[in-house]
Amino acid sequence: MSVDTATVKRIASLARIAITDAEAERLAPELGNILGWIEQLGEVDTGDVAPMTAVIPNHLRLRDDVVTDGGARDAVLANAPQAEHGFFAVPKVIE
Amino acid sequence: MTDLTDLGIAAIRDGVREGAFSAREVAEAFVARVAAAKSLNAFLVETPDHAFAAADAADKARAAGETLKPLAGVPIGMKDLFCTKGVASTAASHILEGFVPPYESRVSQNLWDAGAGMLGKLNMDQFAMGSSNETSAFGNVISPWRRSDGGASGKNWAPLTPGGSSGGSSAAIAARLCPAATGTDTGGSIRQPAAFTGIAGIKPTYGRCSRWGVVAFASSLDQAGPMARDVRDCAIMLEAMAGFDPRDATSLDLDVPKWEAGLSGDLKGKKIGIPKEYRVENMPAEIEALWQQGIAWAKDAGAEIVEVSLPHTRYALPAYYIIAPAEASSNLARYDGVRYGLRDLPDGANLQEMYAATRAAGFGDEVKRRIMIGTYVLSAGYYDAYFTQASKVRTLIARDFEAAWESCDVLLTPTAPSAAFALGEKSADPIAMYLNDVFTVPSSLAGLPAMSVPGGLDAAGLPLGLQIIGKPLDEQSVLNAGLAIEQRAGFTARPEQWW
């Protein structure tokens, strides 16, 4: 399977990873090789097989709808690259 | 006096209980050994104070005549994938550099509650993505093992991989820097490094150990487990790590069995399956010979050997390399430069550009590669052809194992298709690296308990491992078959200290 640089750039953009033209050139054959290798799965007959959703049978638990945690604003913000006035700070997004 | 760093978990626990030595002496011995082994690059952070505090608590409890906790006086290493409160946790990635968790992972908390202390945080493949420890952002871990045929020129002493992703854990245990360590296993990351370094390690049934506070890679596969010198130590440590946790939606609400008490190397009445599809092309003769030796040991222990078929084995790796990257691309979306870790904000960049710049600067090449594969297979128009098809193949792989359990109790296979390779040997070809996990990935996809135990040495003097795969929740049979092999293999080889 061949992957072109335009596809690599589109995937990188979806994945929010900045890449240079040179990196896209390098990644195109790499991703093409890997995708070509995984394409062999297409030969497996899975007509009436259900996709796996849980490896070990388990049931989803419900818990009481009560507050169990909270009041940890400072701890939550402690690792932020930029925190101001009790909030995470990001570059301005209003146009 | 014995060198305390030669002791494993059981010997340390029992010695501290009996007063043969103090927990403080044990901690001091290991802390000194960690500090003197910087050239292995196994530890990212050293935490001697944590180890000493746990040791002093054990000694104080003993002096007061209290009953000691199950791991009292045992210092361990902690893979850096586990968040540890107040101690930097990076998953060996630049994108988490400087992150100091304000909380403790459930598994590490369970270990501290059992009395263990922490010697430090162990290096690993970045975000647990790798099979050789070469994807760490903080440098390769060097295996303490070297090929014995170094020759006059010493050129065969090229540094070897300790395996991955839990390579800091495996190197540290093999080098006697710690008696045991945590590992995590998504497609073989406990078993393959254990095999490469001549130690034991078990991945329990998916759901036994809580994933809460473990940096997520592929959530439907990630499972923590112990790595240690022998089977008994693995059983002891797994008992401490496992247990129900309401904060992990896939945690199993089951009692933790008394695996250590249930240990028995007598396999009379047990049937051991040999999957014929694991006899792969180009498998070295030494691996085949080791496998036959393992079969002979199992027979000697009283087991009956049966051949079984797992027909979809060859599709396990390609299915894994769709499912794991897909889940990773979703899980790693959280690293955005806003809430923790690295932020790269070029001059004049907007929010979207900040995300892209941060992720470009913070993630290593292999992590980017997997995020992009995952993004691709989940993208509009490709989801069914790749992700849904892989999930269906995963069902077929699980059915193969279910069918095998009708004729046997556990499966015996090699752990890896080769001994440890040299650093750099496979890093140019991602697929060659992925193929290293050919024997470990199928059981991961099926959520089954599986362990690696040392079987012997190859012609170059490097360790080789045998893998035992069991039924869901039947860690006991896995451990017991591992013990039977361990008792017969008599593996006492250890790397000669050069570091």
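The values are calculated or read from the model by the stated rules, or taken from the named source; none is laboratory data. Note that the coordinates shown come from a computational prediction; the quantities given were computed from them, not determined experimentally. Because the Cβ atoms are built from the backbone with ideal geometry, glycine has one as well, and the counts that use them run over all protein chains shown. SASA here: full protein model, heavy atoms, side chains in, ligands and nucleic acids out. Shrake-Rupley method; radii C 1.70, N 1.55, O 1.52, S 1.80 Å.
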**Fill in**
The condition from (1) surrounded by 24 or more Cβ atoms within 10 Å (Cβ to Cβ); (2) in contact with a Pro (Cβ under 8 Å, 6 or more places away or on another chain) that residue B:80 misses is numbered (2)
**Prompt:** Any residue in the range B:92-113 that is among the β-branched types (Val, Ile, Thr), within 14 Å of another protein chain (Cβ to nearest Cβ) and open to solvent by 30 Å² or more (accessible area, probe 1.4 Å)?
**Reply:** yes
**Request:** Would you be able to say whether some residue in the range B:318-336 is more than 27 Å from the chain's Cα centre (by Cα) and surrounded by fewer than 18 Cβ atoms within 10 Å (Cβ to Cβ)?
**Result:** no
**Complete:** Taking the range A:53-93 and keeping residues surrounded by fewer than 13 Cβ atoms within 10 Å (Cβ to Cβ), within 8 Å of chain B (Cβ to nearest Cβ) and closer than 28 Å to residue B:473 by Cα leaves A:53, A:60, A:61, A:63
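Condition check ((1) aromatic (Phe, Trp, Tyr); (2) free of Cβ contacts under 8 Å to residues at least 60 places away in the same chain; (3) farther than 16 Å from residue B:231 by Cα; (4) surrounded by 24 or more Cβ atoms within 10 Å (Cβ to Cβ)) across all residues:
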site	(1), (2), (3), (4)
B:437	no, no, yes, yes
B:449	no, no, no, yes
B:458	no, no, yes, no
B:476	no, no, no, no
B:479	no, no, no, yes
**Fill in**
Only unsatisfied item for residue A:47, checking (1) within 28 Å of residue B:325 (Cβ to Cβ); (2) at the interface with chain B (Cβ under 8 Å from one of its Cβ atoms); (3) exposed (fewer than 10 other Cβ atoms within 10 Å of the Cβ), is (2)
**Message:** Here is a list: B:120, B:150. Which entry is at pLDDT below 95 and open to solvent by less than 10 Å² (accessible area, probe 1.4 Å)?
**Reply:** B:150
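Look through B:216, B:235 and report the one residue that is away from chain A (no Cβ under 14 Å), farther than 25 Å from residue B:486 by Cα, more than 14 Å from the chain's Cα centre (by Cα) and not hydroxyl-bearing (Ser, Thr, Tyr).
Numbers: B:235 fails: farther than 25 Å from residue B:486 by Cα.
After applying the criteria, what remains is B:216.
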**Asked** What pairs come up if the first residue lies in the range B:247-258 and is aliphatic (A, V, I, L, M), the second is open to solvent by less than 40 Å² (accessible area, probe 1.4 Å) and modelled with pLDDT of 95 or more, and their beta carbons are under 7 Å apart, counting only those six or more places apart or on different chains?
**Response** B:252/B:207; B:252/B:208; B:256/B:242; B:256/B:243
**Asked** Can you find even one residue in the range A:12-29 that is at the interface with chain B (Cβ under 7 Å from one of its Cβ atoms) and within 30 Å of residue B:447 (Cα to Cα)?
**Response** yes
**Request:** Kindly list, by first and then second residue, each pair from a residue in the range B:364-383 that is without any contact (Cβ under 8 Å) to a residue 24 or more places away in the chain and within 16 Å of residue B:130 (Cα to Cα) to a residue that is among the hydrophobic types (A, V, I, L, M, F, W, C) and open to solvent by 20 Å² or more (accessible area, probe 1.4 Å), limited to pairs with Cβ atoms under 8 Å and residues at least 6 apart or on different chains.
**Result:** B:368/B:360
**Request:** Working only within the range B:49-93, note down all residues that are over 25 Å from the mean Cα position of the chain (by Cα) and part of a loop (DSSP other than H, G, I, E, B).
**Result:** B:64, B:65, B:66, B:67, B:68
**Prompt:** Can you find even one residue in the range B:427-449 that is more than 14 Å from chain A (Cβ to nearest Cβ) and at pLDDT 95 or above?
**Reply:** yes
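I'm trying to understand the selection: among the residues of the range B:446-472, which are in a loop (DSSP other than H, G, I, E, B) and within 15 Å of residue B:162 (Cα to Cα)? Steps first, answer last, please.
In the first step, residues of the range B:446-472 are kept if they are in a loop (DSSP other than H, G, I, E, B); the result is B:446-449, B:458-462, B:471-472.
Listed by number, the residues that qualify are B:461, B:462.
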**Asked** Is it the case that some residue within the range B:331-338 is touching a Pro at 6+ places or on another chain (Cβ under 9 Å) and either at pLDDT 95 or above or more than 9 Å from chain A (Cβ to nearest Cβ) (or both)?
**Response** yes
**Prompt:** For residue B:345, which of the numbered conditions (1) part of a loop (DSSP other than H, G, I, E, B); (2) buried (at least 18 other Cβ atoms within 10 Å of the Cβ) fails to hold?
**Reply:** (2)
